[in-house]
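Quick notes on the structure that follows.
The values are calculated or read from the model by the stated rules, or taken from the named source; none is laboratory data. Quantities reported herein were computed from a predicted structural model and do not represent experimental measurements. Areas reflect the complete protein model, heavy atoms only, side chains present, ligands, DNA and RNA absent. Shrake-Rupley method; radii C 1.70, N 1.55, O 1.52, S 1.80 Å.
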Amino acid sequence: MESILDFLSQISWWMWVLIALALVAFRDVFLQKKHTISHNFPIIGHFRYMLERIGPELRQYLVANNREELPFNRIERGWIYASAKHENNYEGFGTDRDIYAHQHIFINNAMMPYKLENEHPNAIDKTFLPCAKVIGAYNKRKKPFRPASVINVSAMSFGSLSAKAVESLNKGVHLAGAYHNTGEGGLSPYHCNGGDVIFHFGTGYFGVRDKNGNFSLAKLIKLVEDNPHVKAIEIKLSQGAKPGKGGVLPGSKITEEIAKIRHVEIGKDVLSPPNHSAFSNVPEMVDFIEQIADATGLPVGIKAAIGKLEQWNELADIMKTTGKGPDFITVDGGEGGTGAAPPSFADHVSLPWVYGFSDLYRMFKEKGLTERIVFIGSGKLGFPAKAAMAFAMGVDCINVAREAMMSIGCIQAQICHTNRCPSGVATQSKWLQSGIDTSLKSVRLAQYFKTFRKELIEITHAAGYEHPCQFKMSDVDVNVDDHNLSKELDRTYMYNKTPVPFKSMQDLKDCIYLSGKSNN
């Protein structure tokens, strides 16, 4: 034994390196059968796989230019990070964006900007920007709701996001006076940290389901009674990432906590089918909406990515005939989102936001229904100029998901579906999410929202208006093609937005339905 140890001790370090490489080469050529490259090029082939693995990071930080990356380029991410940290988010020496590129937005400024008087709400608070419409007012719901912020957190479930990420978002919207959409994973304790909540459910009815996976009205009523911070209810028909597709929550991912929140069994796979079991057609859906609104007193809306319009046309006809229907409609863009989805769905199924929203809004306008609905836009709209365009097209509020994630630390690693999110935002790993300081990240979410609202207000004033709801489609140009380089939105999408009733910002501040008014 001693002789063997003496022999091994006489081997120099570089000999050990050669031995290790020889063993790897032997394994590559004779033992492993999975990888042709490493078989044909032992040892060297491994460098190819290493570079492939870190390729996205190399492109993100070293190769791609400021405007090149998708879904959010470096300039966009930098603006969110700087805004969230209350740092300088300006750029110098003029824009480096190609202002002649397709879909570039131009906002037509007025010769004389809107002038703030000394006692104007925005002279006192430069970030005060509530929704111009009251959700549920037209249908005379028992508990109408005016969102205190035009920018809010979109549907992202606990389970998809980490506990600390959800807690940071909820505390952040509380600081910013915004609302937090729960996503379809149920109402968790992390959604209950002071922020207003819109409770959202899909075909799995998580949190409001019975033992057989069907919708339980009794559980929804109890949830609303026990949680007065739930201000509205949203029924998901489809989402931008994978419209018309269900999903499976593997039993291995169902912890005791998730099982309790979602009302599912530990260790058992849970199916979210493509279709709802509570209704099977448009008339039944309208009845379902009215049943929930009557039982809870809350406004009820629907969320969907837009494709075919036949059933939307049917919904509009029923609403016009009966006076019933959703209080708000959240239009999601087919650009995809935080939910993991097959590329075939994320890339090709459903329309991008500008096309889907314009098609839907134009149809509802032709039916004379736009004034009774609060339209919420969701699809990469978390930037002031894009928000101005969206308001000109007819939205009343904006929901942001990925932008909100970035404000609390997301680095666009694009591995949300692997449970290995390095920033701890989209993972259930206790170690990875332990780096999230909720007291700090919540302030950053709030600061991003406040900076967003401040800049949107400034753009609005530059265009001569007091509130972005006053934007008309002729106030915004968009690059279309080489023959007609830019056109106003009304000429591009072939409709004019219905004017939103608006008296003054002070009138919104005095509204009895304004969320958080009792705390002002």
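If the chain between K320 and E458 were fully stretched, how many nm would it gain, using 0.36 nm times the residue separation less the Cα-Cα distance?
Details: separation 138, 0.36 × 138 = 49.68 nm, distance 3.73 nm.
Stretched out fully, the K320 to E458 stretch lengthens by 46.0 nm.
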Margin query: Counting heavy atoms of the protein chains only and a 1.4 Å probe, report the per residue accessible area for region 452-501 as a whole number of Å².
Written below: 42 Å²
Notebook entry, point to check: Taking only Cα atoms, what is the 0 to 90° angle, nearest 10, from helix 74-84's long axis to the longest principal axis of the chain?
Noted result: 70 degrees
Next item on the list: Using θ = phi - 60° and the Karplus relation 6.51 cos²θ - 1.76 cosθ + 1.60, list the HN-Hα couplings for region 46-54 in order, rounded to whole Hz, with x at every Gly or Pro.
Entry: 5, 5, 4, 5, 5, 5, 4, 5, 9
Margin query: Of the listed values (1) 155; (2) 206; (3) 146, identify the label whose number matches volume of the Cα convex hull per residue in Å³ calculated from this model.
Written below: (2)
Notebook entry, point to check: What number, rounded to the nearest 500 deg cm²/dmol, is the helix-based mean residue ellipticity at 222 nm of the chain, given -39500 (n - 2.57) per DSSP H run of at least four residues and division by all its residues?
Noted result: -11000 deg cm²/dmol
Next item on the list: Excluding residues fewer than 8 places away in the same chain, name every one of the aspartates and glutamates whose C-alpha is closer than 14 Å to that of K497.
Entry: D359, E366, E371, D396, D475, E488
Next item on the list: Under a cut-off of 16 Å between alpha-carbon atoms, report the aspartates and glutamates in cross-link reach of K143, not counting same-chain residues fewer than 8 places apart.
Entry: D196, E225, D226, E234, E290, D294, D327
Checklist line | Proximal lysines relative to K142, as straight alpha-carbon distance under 20 Å, when same-chain residues fewer than 8 apart are discounted | finding: K133, K219, K222, K231, K324, K517
Notebook entry, point to check: What full-extension length gain, to one decimal in nm, is calculated for L271 and I43 as 0.36 nm per residue of separation minus the Cα-Cα distance?
Noted result: 77.7 nm
Note to self: Between helix 217-226 and the chain, what is the angle of the helix's C-alpha long axis to the longest principal axis, kept within 0 to 90° and rounded to the nearest 10?
What the structure shows: 90 degrees
Margin query: Give me log10 I(q)/I(0) at q = 0.19, 0.20 Å⁻¹ for region 248-326, Debye formula, one equal scatterer per alpha-carbon, no solvent.
Written below: -0.90, -0.94
Next item on the list: Give the relative contact order (percent, whole number) for the chain; include only Cα pairs under 8 Å separated by 6+ residues.
Entry: 20 percent
Checklist line | J(HN,Hα) series, region 257-266, from Karplus relation 6.51 cos²θ - 1.76 cosθ + 1.60, nearest Hz, glycine and proline x | finding: 5, 5, 4, 5, 6, 8, 6, 10, 8, 5
